Amino acid sequence: MSKEPDRIFAQPLAQVPDFAFNEDVVRVFPDMIKRSVPGYPTIVENLGVLAAQFAQPDSVLYDLGCSLGAVTQALRRHVRSEGCQVIAVDNSPAMVERCREYLNAQNSMFQELLAVEVIEGDILALEFKPASVVALNFTLQFIAPDQRLTLLARIRQSLLPGGALILSEKLRFNDAEEHALLTDLHVAFKRANGYSDLEIAQKRSAIENVMKPDSLEEHRERLLAAGFSKVVPWFQCLNFASLIALP
Ligand SMILES: Nc1ncnc2c1ncn2[C@@H]1O[C@H](C[S@+](CC[C@H]([NH3+])C(=O)[O-])CC(=O)[O-])[C@@H](O)[C@H]1O
Ligand SMILES: O=C(O)C(=O)Cc1ccccc1
């Protein structure tokens, strides 16, 4: 993994452009996500452990919005069911190119890894195969809000009995005091990880038009509307959470 530190927003910018998953972001992404998302390493590692409980033989495991394939790597390390295949999808060409390199490196380091296919494409246009595990690890928040229910309903339709969707997201809170407290604590987390106030402010304005978090209540209601029968939060660190949704 690239060890390059994230300095993307370190210098004052006359105008902060909308955040994009381009080559510059790809180069620093492992550092950026670890220093920006509280609990990220714990979520990724345990997502593999959880997935192993839901994986069904001869089925597909999807990693939607795979970025550099951190979740795919965890799935390949933990899932032991026969005949499973991971399909990792991302619409950023720069992410997909680097993701393929990292997965090739994983192939040469471990034996008996699950087969993997990396697709460069839009998850909204994907023809889903019967799946036992679908991971949306911090991806749904980048999908246009009016497309989210349709996507979740299509995922629900593709899920096999005994399978699960694992959905991780940044959260918004309906209670203003709770929202302000957890937002402040997230800023403190970023500061403790070496980001300056300027970096924090410029990143905030870069993501505000492209990343639209929902509340836990909105997630639960939409998942039920999409046909899921049960929604179980399994992790929360500050304003970042991960849910298990059962078909
Ligand atoms: N419509 C779309 N179709 C496909 N990919 C998309 C789409 N929209 C956004 N993406 C992709 O979703 C990813 C979101 S990052 C996921 C982290 C990863 N899951 C991880 O566990 O490391 C989250 C973050 O950076 O906060 C990016 O790679 C986008 O290109
Ligand atoms: O940095 C933030 O404030 C976030 O909310 C998380 C994030 C992480 C990586 C890319 C975009 C957003």
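One table, with the values for the structure above:
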| quantity | calculated |
| --- | --- |
| Candidate set from the stretch 129-153 (those that are over 17 Å from the mean Cα position of the chain (by Cα) and surrounded by 17 or more Cβ atoms within 10 Å (Cβ to Cβ)); member that is nearest to ligand 2 (Cβ to nearest atom) | 131 |
| Residue tally, condition among the charged types (D, E, K, R), within 12 Å of ligand 2 (Cβ to nearest atom) and either in a helix (DSSP H, G or I) or without any contact (Cβ under 8 Å) to a residue 12 or more places away in the chain (or both), over the stretch 192-231 | 4 |
| Meets criteria (in a helix (DSSP H, G or I) and under 21 Å from residue 32 (Cα atoms)) for residue 182 | yes |
| Criterion: farther than 18 Å from residue 165 by Cα, of a type in the set (A, V, I, L, M) and at pLDDT 95 or above - qualifying residue of 225, 245, 241, 188 | 188 |
| Failed criterion for residue 28 (all others in (1) part of a helix (DSSP H, G or I); (2) open to solvent by less than 70 Å² (accessible area, probe 1.4 Å); (3) touching a helix residue (DSSP H, G or I) at 6+ places or on another chain (Cβ under 8 Å); (4) within 11 Å of ligand 2 (Cβ to nearest atom) hold) | (3) |
| Some residue of the stretch 64-81 being hydroxyl-bearing (Ser, Thr, Tyr), buried (at least 17 other Cβ atoms within 10 Å of the Cβ) and in contact with a Gly (Cβ under 7 Å, 6 or more places away or on another chain) | no |
| Scope the stretch 31-88; condition under 27 Å from residue 211 (Cβ atoms), in a loop (DSSP other than H, G, I, E, B) and of a type in the set (Ser, Thr, Tyr); matching residues | 67 |
| Filtered residue count, the stretch 99-128, keeping only those that are away from ligand 2 (no atom under 16 Å from the Cβ), touching a residue at least 12 places away in the same chain (Cβ under 8 Å), farther than 22 Å from residue 54 by Cβ and part of a helix (DSSP H, G or I) | 3 |
| Test: residue in the stretch 132-154 that is over 23 Å from residue 37 (Cα atoms), in contact (Cβ under 8 Å) with a residue 40 or more places away in the chain and in a loop (DSSP other than H, G, I, E, B) | no |
| Positions within the stretch 185-208 being of a type in the set (Asp, Glu) and open to solvent by 40 Å² or more (accessible area, probe 1.4 Å), in sequence order | 197, 208 |
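The values are calculated or read from the model by the stated rules, or taken from the named source; none is laboratory data. Please read all numbers here as calculations on a predicted model, not as lab measurements. Neighbour counts run over all protein chains shown; Cβ positions are idealised from the backbone, glycine included. Side chains included, ligands, DNA and RNA excluded: accessible areas come from the protein's heavy atoms. Shrake-Rupley method; radii C 1.70, N 1.55, O 1.52, S 1.80 Å.
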